[in-house]
Every structure is written in C-alpha cells, then in structure tokens.
Amino acid sequence: AGGVGAAAMADGEGLVSVDYEVHGKVQGVFFRKYTQGEAKRLGLVGWVQNTSHGTVQGQIQGPTARVQEMQEWLRKIGSPQSRISRAEFSNEKKIKALEHKEFQILK
C-alpha cells in the first residue's frame, strides 16, 4: 500500500466528510498544529479550531481510508503533550468533491 496519493482519489474509493470534536487536555499543547500536520501528511483537507469549552473541533475530508486513519489518530494519538479522553465524530457523509482547498487552523 505504498505510493497511493492521487491515484487513490480516482480509484472510486469515494470521498467522505466528517466533523470531529476531541475532549481532554487538547488546548495549549500544539494540538491544532499537529492535527494540521497529520492531515497534510494524509492528504486530507478541512479545518481545526479550539472551542470556548476546552475542546478542539473541526472537519476532515478526503478518501475514506485516509479519513479513517485520521479518526484513529484523533482518538488515540494527538500531539505529544495532549491527553485525549475521547473523540466524537458526527455528520459523516459521502461527498462528490472536496469542499476545502487545504487543511486550515481557524482562530
């Protein structure tokens, strides 16, 4: 499963969009920066931001398998200093085209 990339997009694997919210010690630990880095590594687009109630939320879009990898990462890994208690995913849906150009950190 080496050099996939653009080929996987045309592979009919399908694109999905999913919203996420991560709970735990996820603010002030570079969580957003690491999330952006991981999303870029997986070739995903979307966004991430801190919420006023101490969680991190956002949206990820891309090929199904890559989005699932990102969900695992958000559930278990995060940034080195973070302590994730749980990650919730919602509004998962198939999309015909990506709705974002890149993966952004929103303020």
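The values are calculated or read from the model by the stated rules, or taken from the named source; none is laboratory data. Since the model is a prediction, treat every value here as computed from it, not as a measurement. Ideal geometry is used to build each Cβ from the backbone, glycine not excepted, and the neighbour counts take in all protein chains shown. Accessible surface areas use protein heavy atoms only, side chains included; no ligands, DNA or RNA. Shrake-Rupley method; radii C 1.70, N 1.55, O 1.52, S 1.80 Å.
Of everything in the range 66-91 that is acidic (Asp, Glu) and closer than 14 Å to Leu44 by Cβ, the residue that is most open to solvent (accessible area, probe 1.4 Å) is Glu69. Of everything in the range 10-30 that is under 18 Å from Glu99 (Cβ atoms) and in contact with a Leu (Cβ under 9 Å, 6 or more places away or on another chain), the residue that is surrounded by the most Cβ atoms within 10 Å (Cβ to Cβ) is Tyr20. Out of the residues in the range 31-65 that are among the small types (Gly, Ala, Ser) and surrounded by 20 or more Cβ atoms within 10 Å (Cβ to Cβ), state the one that is nearest to Ser90 (Cα to Cα). Among them, the one singled out is Gly58.
Yes or no, residue by residue, for (1) part of a loop (DSSP other than H, G, I, E, B); (2) in contact with a Gly (Cβ under 8 Å, 6 or more places away or on another chain); (3) touching a residue at least 60 places away in the same chain (Cβ under 8 Å):
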site	(1), (2), (3)
Arg41	no, no, no
Gly62	no, yes, no
Arg86	no, yes, yes
Ala97	yes, no, yes
